[in-house]
1. Any residue that is of a type in the set (G, A, S), on the phi < 0 side of the Ramachandran plot and surrounded by 15 or more Cβ atoms within 10 Å (Cβ to Cβ) - is there at least one of those in region 70-84?
2. Report yes if E19 is open to solvent by 80 Å² or more (accessible area, probe 1.4 Å) and at pLDDT 95 or above, otherwise no.
3. Report yes if G179 is part of a loop (DSSP other than H, G, I, E, B), within 13 Å of the ligand (Cβ to nearest atom) and closer than 24 Å to T267 by Cβ, otherwise no.
4. Which residue is farthest from the chain's Cα centre (by Cα), if the candidates are limited to region 197-237 and must be of a type in the set (D, E, K, R) and in a loop (DSSP other than H, G, I, E, B)?
5. Out of the residues in region 275-297 that are part of a helix (DSSP H, G or I) and over 17 Å from the mean Cα position of the chain (by Cα), which is surrounded by the most Cβ atoms within 10 Å (Cβ to Cβ)?
6. Filter region 206-231 for residues that are within 15 Å of A287 (Cα to Cα) and not aliphatic (A, V, I, L, M); which is nearest to the ligand (Cβ to nearest atom)?
7. Taking the conditions exactly as written (away from the ligand (no atom under 14 Å from the Cβ) and β-branched (V, I, T)), does V203 satisfy them or not?
8. Evaluate region 2-25: report whether one residue or more is within 16 Å of the ligand (Cβ to nearest atom), in a loop (DSSP other than H, G, I, E, B) and in contact (Cβ under 8 Å) with a residue 24 or more places away in the chain.
Amino acid sequence: MSVAFHGAEFCWMNGAIIETEKAVVSAMEPVHLGIFEGIKAYVENDVNSRGRLSIFQWKSHVDRLRRSAAVCGMKVPYTDEELLEATRRTITANGFDTNVYIQPRIWPRAGAPQEVHVVIPVWTFETVLGKDNPRFSKNRRFMISTWRRIASDALPPQAKTWANYGNSALALREAERLGRDGAIFLDNRGFVSEGTGACIMAVRNKKVITPPVTASILESVTRETLLRIVPEDLGIPTDVRDIARVELYASDEAFLCGTGGEVTPITSIDDLPLGREYPGPVTKRIAEYYADVVAGNVEKHKEWLTPV
Ligand code: PMP
């Protein structure tokens, strides 16, 4: 009887599909320099491709994986095509035909730092998206963390390294202790940065605003996607600019965006309720459209979908 990781019996490790319980390394591995990606595959529901599982923004995620590796002085010893094939094989080996989260991980080998381990675990997830989905509209009371987001001259938040998540974990633990659902970081200058595992967008005067990459944020694939589709397809203006804490408090709406959290509305920050209606109308509209894009319902954005 094998112990499945998040319900997945198999993963891909260093070139082969193996049982998850056999994906083990020495406790002496230098894990602090590890990097990873968080990618999602959604079941399409467009009339022409209904039921097909497709990876969203594969190319952008693999590009970021390579950039994160480069920051840490590692080379990814597989081509994009090989990584895609490995991902497909892992999903198929597990027999998954529903929404799948894919988390490639890379770290240097003990004693041979020029060589790396590459592991691809996958597991299924439940989306927060969808009209009348209670997971979407549940209340989320957030706080401004007393921990600042790591500055990029100390650890690079723009890269997806595990080390950055120590900072996130401290903020999350503080939020849990204080009975909040999550935390928003300020950067080392005191401007709004990001959440612990997602970027933040606020709605003010019918405009969507979000901090720049220089505000110590991860270069988020979802943020880039929304910055493209929100103005172009929904006609809602967007602005990438520094946001002061007080502006966030006085927003009409705010939501997190990321591969994991998709589009998740925030009810209040430091117990100050945002806007008059929750979830706000702009957040709802964006979430519904994003759900359509990832499910292949928007023909012109099907190029962002890679069938498994
Ligand atoms: N910021 C942090 C700290 C994250 O962990 C994530 C999730 N990867 C994001 C932002 C959102 O990035 P993406 O849209 O690429 O998932």
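The values are calculated or read from the model by the stated rules, or taken from the named source; none is laboratory data. Not measured: the values here are computed from a predicted model. In this analysis, Cβ positions are derived from the backbone assuming ideal geometry, glycine residues included, and neighbour counts consider all displayed protein chains. What goes into the accessible areas is simple: the full protein's heavy atoms, side chains included, and nothing from ligands, DNA or RNA. Shrake-Rupley method; radii C 1.70, N 1.55, O 1.52, S 1.80 Å.
1. No, there is no match, as no residue in region 70-84 is of a type in the set (G, A, S), on the phi < 0 side of the Ramachandran plot and surrounded by 15 or more Cβ atoms within 10 Å (Cβ to Cβ).
2. Considered against the rule, which asks whether it is open to solvent by 80 Å² or more (accessible area, probe 1.4 Å) and at pLDDT 95 or above, E19 comes out as no.
3. The answer is no for G179.
4. K206
5. Checked region 275-297; the qualifying residue surrounded by the most Cβ atoms within 10 Å (Cβ to Cβ) is T283.
6. Checked region 206-231; the qualifying residue nearest to the ligand (Cβ to nearest atom) is T222.
7. Against the criterion (away from the ligand (no atom under 14 Å from the Cβ) and β-branched (V, I, T)), V203 qualifies.
8. no
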